[in-house]
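Undergrad: Please find one structure pasted underneath; my questions will follow.
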Amino acid sequence: MSAITFQGQSEQHIIEGCILGDRKFQSILYNLLSPKMFAVCLRYAADYNSAQDLLQEGFIKVFKNIEKFRGEGSFEGWVRRIFVNTAIEHYRKQVNLYALHDSDVKSYEYYEQNALESLKHEDILKLIQQLSYGYRTVFNLYVIEGYSHKEIGEKLGISEGTSKSQLARARYLLQKMITENNEIAKHSNNS
C-alpha cells in the first residue's frame, strides 16, 4: 500500500496533525480511509448499520492510538488491523462459537469448480453477510485477512479445531447458496 496524501499534505503531516488532535487532519484522514475501512466493516458486520457502528468505533480507536504508529509497515495496514481487531472484539462480545463434530465437517460436499470466481465482488459480499456471525468472522479472518487457524483461535478464544470446523461450514454454506442462486437464475432464464 502506498503512502496516503491529500491536497499536498503528506501522510506524516496528516498523522502528526491527528496526534495533536487537530480536527482538520482527523477529518482528512477519515475522508481518505473511511471507504476502505467501511468495506472491512461490512465484511464482519451483520448489516449496514452495524458496519457504520464498527466504522465509528474503529476511527475512535485510531485517533486514540495514532501516536503508537511506529512507521513500521504501511499506515493504512496499521489502521486496517485496528478495524479487524475492533470487529473481533465486537464479535467476542456477541457470539459464542460451538465446534462441529469432525463427522459433520467430513460430510460437507465440496465442488471442484470455484463458484466464487464467477461472481461480482458485491454479490460475494452479500453472500458472506448471509452467514451467521461466527461463520462469517472465521471465514473473513482466514480467507481474506490470512490468519492461521491457530491465530484465529487465539483471537476469538476458541480452539483451532473449532476454527477449522467453522471455516468448513462457512465454505459449505457459501457453495450451497451459490448453487441455489444459480438454479434460480437458470429457472428464471428458462421461463
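Values quoted throughout were computed directly from the atomic coordinates according to the rules given, and no laboratory measurement underlies them. Fair warning: this is a prediction, and the values are worked out from it, not measured in the lab. In this analysis, Cβ positions are derived from the backbone assuming ideal geometry, glycine residues included, and neighbour counts consider all displayed protein chains.
Undergrad: How large is ³J(HN,Hα), in whole Hz, for each residue of region 79-88 in order, when computed from phi with the Karplus curve 6.51 cos²θ - 1.76 cosθ + 1.60 and θ = phi - 60°, using x for Gly and Pro?
TA: Per-residue couplings from phi come out as 4, 4, 4, 4, 5, 5, 5, 5, 5, 5 Hz.
Undergrad: Would you please give the FRET efficiency between Phe69 and Glu151, computed as 1/(1 + (r/R0)^6) with r the Cβ-Cβ distance and R0 = 22 Å, to the nearest 0.05? Could the numbers behind the result be given before it?
TA: Details: r = 22 Å, r/R0 = 0.99.
Rounded to the nearest 0.05, the efficiency is 0.50.
Undergrad: Oh, and also: Assuming 0.36 nm per residue, please report the length gained on full extension of the stretch Ser34 to Asp47 beyond their Cα-Cα distance.
TA: 3.0 nm is the gain from fully extending Ser34 to Asp47.
Undergrad: Here's something else I'd like to know. With label points built 7 Å along Cα→Cβ from the Cα atoms of Asp123 and Gln12, find their separation and express it in nm.
TA: Computed distance between label sites Asp123 and Gln12 equals 4.7 nm.
Undergrad: While we're here: Take Arg23, Arg43, Arg70 and order them by how many other Cβ atoms sit within 10 Å, fewest up front.
TA: With the sparsest Cβ surroundings first, the list reads Arg70, Arg23, Arg43.
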